[in-house]
1. Consider only pairs whose beta carbons are under 8 Å apart and that are at least six residues apart or on different chains; among these, list those whose first residue lies in region 39-68 and is of a type outside the set (Ser, Thr, Tyr) and whose second residue is open to solvent by 50 Å² or more (accessible area, probe 1.4 Å) and part of a loop (DSSP other than H, G, I, E, B).
2. What's the total number of residues in region 1-36 that are among the acidic types (Asp, Glu) and more than 15 Å from residue 59 (Cα to Cα)?
3. Looking only at region 1-21, count every residue that is in contact with a Ser or Thr (Cβ under 8 Å, 6 or more places away or on another chain) and within 11 Å of residue 35 (Cα to Cα) and tell me the total.
4. For the chain, please list each of the strands (runs of 3 or more DSSP E) lying entirely inside it that holds at least 2 residues being within 12 Å of the chain's Cα centre (by Cα) and loosely packed, with under 13 Cβ neighbours inside 10 Å.
Amino acid sequence: MEQITLNVKGMSCGHCVKAVEGSVGELAGVSTVSVNLNEGKVDVSFDPAAVSVEKIKETIDDQGYDVE
């Protein structure tokens, strides 16, 4: 397992948290997703053999948020 912390802009409420945690959490290979609204960060634990960082970023982007 690997862990990454992504900086994400545009998250402002509980709906944002559910959208990001729900969509990323559904990806094969992702074990945990934790959003910190105050800091604009998303922590993800994942299996790099099953899912790429790019796929995680793309999934967050598809929800309408900007990943730095």
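1. Listed by first residue and then by second, the contacts come to 46/1; 47/1; 50/28; 51/28; 64/10; 66/10.
2. So the answer is 1.
3. 1
4. Where strands (runs of 3 or more DSSP E) fall fully within the chain and carry at least 2 residues being within 12 Å of the chain's Cα centre (by Cα) and loosely packed, with under 13 Cβ neighbours inside 10 Å, they are 2-9.
The values are calculated or read from the model by the stated rules, or taken from the named source; none is laboratory data. Please read all numbers here as calculations on a predicted model, not as lab measurements. Heads up, the Cβs are rebuilt from the backbone with ideal geometry, glycines too, and the neighbour counts pull from every protein chain shown. Surface areas here come from the heavy atoms of the whole protein model, side chains and all, with no ligands, DNA or RNA. Shrake-Rupley method; radii C 1.70, N 1.55, O 1.52, S 1.80 Å.
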